[in-house]
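Here the structure is laid out as structure tokens; the discussion comes afterwards.
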């Protein structure tokens, strides 16, 4: 989805439209991407702010991936000039586009066919100040509000305790060089053991 284009239009056919912005790979500020967050999957955990310069209000917004890319959206957020969140009716190139506004980061809108898209109808022209985007995934990232338990191996699996995630990361102290196993106690069954070398997770 990196390189996807957001466009605005006054008609649903987008015969005439204006490019508002492009989804880039840059995510959260003040993070050293070259070291601590080198893993691309970690980069994709966070909301992307879509920079754009818009001069006109539009009723319809469309997001469309670059050529031959699949349309995979976790969540979308739109904000007006007063920085108030605005929502609308969503349509898409396949079923399930309402997932982009459901407020649940574990439900995604996915069209595996190249050329897919999603459109939002605000019901009236809206002048946007910013757009936020979350990539679709398999709900394998840290989900805020979920309960987690981390184990390490020492002839048996030993628990380092349970935590409720308040951010997109968990903070544990464990032995160096150990083999770890993180469990989500509320959902999901896809789990893999891993090691950690102070900068990067190795699966």
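The values are calculated or read from the model by the stated rules, or taken from the named source; none is laboratory data. Just so we're clear, the structure is a prediction, and the values are computed from it rather than from any experiment. Counting neighbours? That spans all protein chains shown, and the Cβs are built from the backbone with ideal geometry, glycine included.
Annotations for the structure displayed:
- Scanning the range 126-178 for residues that are in contact (Cβ under 8 Å) with a residue 24 or more places away in the chain, part of a strand (DSSP E or B) and farther than 30 Å from residue 60 by Cα returns 147, 148, 149, 150, 151, 152, 153, 157.
- The residues in the range 188-203 that are modelled with pLDDT of 75 or more and under 21 Å from the mean Cα position of the chain (by Cα) can be counted, and the count is 1.
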